[in-house]
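Read the structure below first, then the notes.
What follows is calculated from the coordinates using simple rules that are stated; it is not laboratory data. Nothing here was measured: the structure is a model prediction, and the numbers come from that model. No Cβ is skipped: glycine too gets one built from the backbone with ideal geometry, and neighbour counts run over all protein chains shown.
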Amino acid sequence: METVGATMKKILDDAKPEAAYFSERDGKRGCVLIVDVPGGTDIPRLAEPWFLSFNAEVEFRICMLPEELGKANLEALGRSGAERGELASVPPRSPSARDRGHPTGHSAGVDAGRTAGLETGAT
């Protein structure tokens with residue numbers, strides 16, 4: 001039987017994260033991986049090893065660089081919504097890590113396009 005460390009090393013070697021952060025998440029073991037996700041078909045490749053090896057919960061947060069956001073043509077999207085009578089509204093700001101009492105409030109940075117923060121939590 002493979003050790004937890006060996007299993008995690010294999011999963012990380014296969015995922016090739018740009019960064020990996022291990023921490024507590026809701027009172028359980030957790031990690032955040034910054035990984036390239038070229039398409040939706042990559043999600044099972046990244047998530048299944050965590051499900052099968054650790055019965056973990058996995059969440060994806062898709063991120064983009066400011067340059068990519070600039071290419072999204074937000075002005076046209078905003079105009080088309082206004083033409084349909086939809087008003088853009090900004091939701092209330094979620095509390096930041098610092099607001100929730102975390103002393104540093106650190107978050108992971110992203111340095112490549114089409115990148116996702118893959119969060120796992122195991123019991």
- Task: Pop a pseudo-label 7 angstrom from the Cα along the beta-carbon direction at both ASP42 and ALA76 and give the gap in nm to one decimal.
- Result: 2.5
- Note on the structure: For the range 9-56, inverting the pair-averaged 1/r of distinct alpha-carbon atoms gives a Kirkwood value in Å of 11.5
- Message: What's the magnitude of the charge dipole for the range 20-66 around its Cα centre, counting Lys and Arg as +1 and Asp and Glu as -1 at the beta-carbon? Answer in Debye, nearest 20.
- Response: 80
- Message: Highest mean first, how do 31-43, 4-16 rank when packing is the count of other Cβ atoms within 10 Å averaged over residues?
- Response: 31-43, 4-16
- Item | Stretch gain in nm, segment PHE60-ARG29, where the contour uses 0.36 nm per residue and the Cα spacing is subtracted | 9.5 nm
